[in-house]
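The values are calculated or read from the model by the stated rules, or taken from the named source; none is laboratory data. Keep in mind it's a predicted model, so treat the numbers as computed, not measured. Methodologically, a virtual Cβ is constructed for each residue, glycine included, from the backbone with ideal geometry; neighbour enumeration extends over all protein chains shown. Note: areas computed on protein heavy atoms with side chains; ligands, DNA, RNA excluded. Shrake-Rupley method; radii C 1.70, N 1.55, O 1.52, S 1.80 Å.
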Amino acid sequence: MDPDASGSWRFAQCFGDKGDVEDITEADIISAVEFDSTGNYLATGDKGGRVVLFERNDMKKSCEYKFYTEFQSHEPEFDYLKSLEIEEKINKIRWCKRQNSAHFLLSTNDKTIKLWKVFEKSLRVVSESNLSDGQRAVAPPSLGQHLRLPRMQHQDNIIAAVPRDIHFADDLRINLWNLNISDQSFNIVDIKPANMEELTEVITAAEFHPTQCNVFMYSSSKSNIKLADMRDSALCDRHAKLYEEEEDPTNRSFFSEIISSISDVKFSHDGRYILARDYLSLRIWDVNMESRPLKTIQIHDHLRGKLCDLYENDCIFDKFECTWSGDDKNVLTGSYHNYLRIFDVETLNDVVLQADKSAFKAKKIGGPLPGSKQLVAKNGIKSGLKDAMQLETLDFNKKILHASWHPRENTIAIAATNNLFLYSAA
């Protein structure tokens, strides 16, 4: 399967209200998307603190999903010590490896991490008793020997979600938890200064190595990635490797520190490479080479001249995620006006897709966009989306911040405001 083939990416599904952006309720905006390790289940979280799960629809030949269950994961809180309101917004969802018929997943807002058990539960009702025989009421028994035990009958199966454990976190420390022990953790990274007035950076993302359980990495707002080995010491205050690229002095500006802050990092599935996203670019690092990234990909460099406007409307603080394909041959990240870009890691050839209402009408959109050539799909819709990304008419309220790639197939799940889009490569 070659997802870079012309016109190979097709719109598959969309969940959510298809109304205008202006009519969207803030709580309905999707803030997290994640496939499980099999790709048979998909989870989303929103700004209202809800988690919605989807399962693969086996009745369909293509990779399509159906609603599985929904539950309220987080509620708004107030931190009285810091006089700070804590939003219920779901920041991340992570599936745990399945060990039995139940699903376990982690969801978090800015402060609280919750472990959820989601399982199928049989719902039974009383079908016969001493006062009724099915639907018909009967007189109560006059003698003790006529008493009988109630008869239970299966009525339905329901999906239940139960919180198992609750943990706490912040953006100055990394804690290691045992999922079976909720009242204690190991602090493995702590960058909190003795005097908070000396605070210069925060931790923006962290992830364990996929095959070496003792190795993990974390990124910071100072545009660097640190690799740490827990065999070196209990507190990993000294990193094993540092991945950082010096900024070109000619590009230095008032906004440099903001746009260079790393918003997301991901190990490749084999653990050999690191994918990192900042505001304008995507970088691929070789774990064994700290001096410079293997590849630097400009996502929307044309916005460099609009940083003042983006600062005024707070868009410059948007945190774009990035992800690898299941075979590590492609990478995916988002942009504004609901554009998303898929790059071939070797050639850097790219596909631009747009997750919007035109996808409902079009049978296929997107495709490689060499130079400024405009490709026309069979339905007559222009798919020269790379050129459209450069236009002045970009809507910065429409943005692709969150996405996930199916672990075994070329299917991607995209969060576009309050809609969940699914695309598949033929």
Q) With the Cα gyration tensor of the stretch 38-108 giving a ≥ b ≥ c as the square roots of its eigenvalues, does the rule (a/c under 1.5 for rounded; else a/b larger than b/c for prolate; else oblate) give rounded, prolate or oblate? A) prolate
Q: Using packing as a proxy for protection, rank 57-64, 304-311, 200-207 so that the peptide with the highest average count of other Cβ atoms within 10 Å comes first.
A: 200-207, 304-311, 57-64
**Q.** For the stretch 1-126, size of Cβ-based charge dipole, Lys and Arg +1, Asp and Glu -1, in debye
**A.** 860 debye
Q: Run the 1.4 Å probe and let me know the accessible area of Asp327, rounded to the nearest 10 Å².
A: 80 Å²
Q: Could you pull the accessible area for Arg124 with a 1.4 Å probe, rounded to 10 Å²?
A: 140 Å²
Q. By the gyration tensor of its Cα atoms, with a ≥ b ≥ c the square roots of the eigenvalues, what is the shape of the stretch 185-302: rounded for a/c under 1.5, prolate for a/b over b/c, or oblate?
A. oblate
(Q) Sort 285-291, 11-17 by packing, meaning the average of other beta carbons within 10 Å per residue, with the highest value first. (A) 11-17, 285-291
Q: Step through the table entries Lys66/Lys222; Lys82/Lys241; Lys222/Lys398; Lys60/Lys89, compare each Cα-Cα distance with 31 Å, and write down the pairs that go over it.
A: Lys66/Lys222; Lys82/Lys241; Lys60/Lys89
**Q.** ³J(HN,Hα) computed for each position of the stretch 83-98 - Karplus, 6.51 cos²θ - 1.76 cosθ + 1.60, integer Hz, glycine/proline x
**A.** 6, 10, 7, 10, 5, 7, 3, 7, 8, 8, 10, 9, 7, 8, 5, 6
Q) Whole-Å semi-axes of the stretch 170-220's equivalent ellipsoid, largest first, each the root of 5 times a Cα gyration tensor eigenvalue? A) 23, 15, 8
